[in-house]
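These notes are about the structure you will find just below.
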Amino acid sequence: QVQLVESGGGLVQPGGSLRLSCVASGTVFGIGIMAWYRRAPGKERELVAIIDSSSGTDYADSVKGRFTISRDNAKNAVFLQMNSLKPEDTGDYYCNADVRPTLAPQTYYYWGQGTQVTVSS
């Protein structure tokens, strides 16, 4: 059984930084795309950043230049470094990954449980 476990959320003042981590545990034979999503209060879930297996990245326009996604394939982990945080970055952040859980070629998308980020003075 594959699980994605996030950590690193919390309360931070505007202009501050946080680093989110997500680790895939269980039986993992490979991971393709990994991504971070967020759901702000009263809004739909949105894609924040995505990274492919070759470490190619893309970002939502609202976070470009402030957030950096990275991954450690040896640890089955993905990270989100968030700098210059704004109140509008407040929300629940979710890790998503395309995981191959068995020797068969099929992959499945898994979600973490979410970690809360609050940007407030």
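Tabulated data for the structure shown
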{"quantity": "Heavy atoms of V5: accessible area, 1.4 Å probe, square angstrom to 10", "calculated": "70"}
{"quantity": "Rounded percent of accessible protein surface that carbon and sulfur make up, the stretch 48-121, 1.4 Å probe", "calculated": "47"}
{"quantity": "Neighbour net charge for M34 - beta-carbon separation under 10 angstrom, K R +1, D E -1", "calculated": "-1"}
{"quantity": "Cα-only Debye scattering, the chain: base-10 log of I(q)/I(0) at q = 0.14 Å⁻¹", "calculated": "-0.55"}
{"quantity": "Gain in span if fully extended, R66 to I33, counting 0.36 nm per residue against the direct Cα distance", "calculated": "9.8 nm"}
{"quantity": "Accessible area in square angstrom per residue, the chain, 1.4 angstrom probe", "calculated": "53"}
{"quantity": "Using a Förster distance of 22 Å, the FRET efficiency for D52-R19 (Cβ separation, nearest 0.05)", "calculated": "0.60"}
{"quantity": "Test item: Cα-centred dipole of the stretch 71-113, Lys/Arg +1 and Asp/Glu -1 on Cβ, debye", "calculated": "200"}
{"quantity": "Neighbourhood charge, 12 Å Cβ-Cβ cut-off, centred on V2 and excluding it, Lys, Arg +1 and Asp, Glu -1", "calculated": "0"}
{"quantity": "Backbone N within the stretch 1-30 under 16 Å of label point (7 Å from A104 Cα along the Cβ vector)", "calculated": "1-2, 27-30"}
{"quantity": "Sequence-distant aspartates and glutamates (8 or more away, or on other chains) whose Cα lies within less than 15 Å of K43", "calculated": "E88, D89, D92"}
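The values are calculated or read from the model by the stated rules, or taken from the named source; none is laboratory data. Model, not experiment: these values are computed from the prediction. Positions of Cβ are backbone-derived with ideal geometry, glycine not excepted, and every protein chain shown enters the neighbour counts. Surface areas here come from the heavy atoms of the whole protein model, side chains and all, with no ligands, DNA or RNA. Shrake-Rupley method; radii C 1.70, N 1.55, O 1.52, S 1.80 Å.
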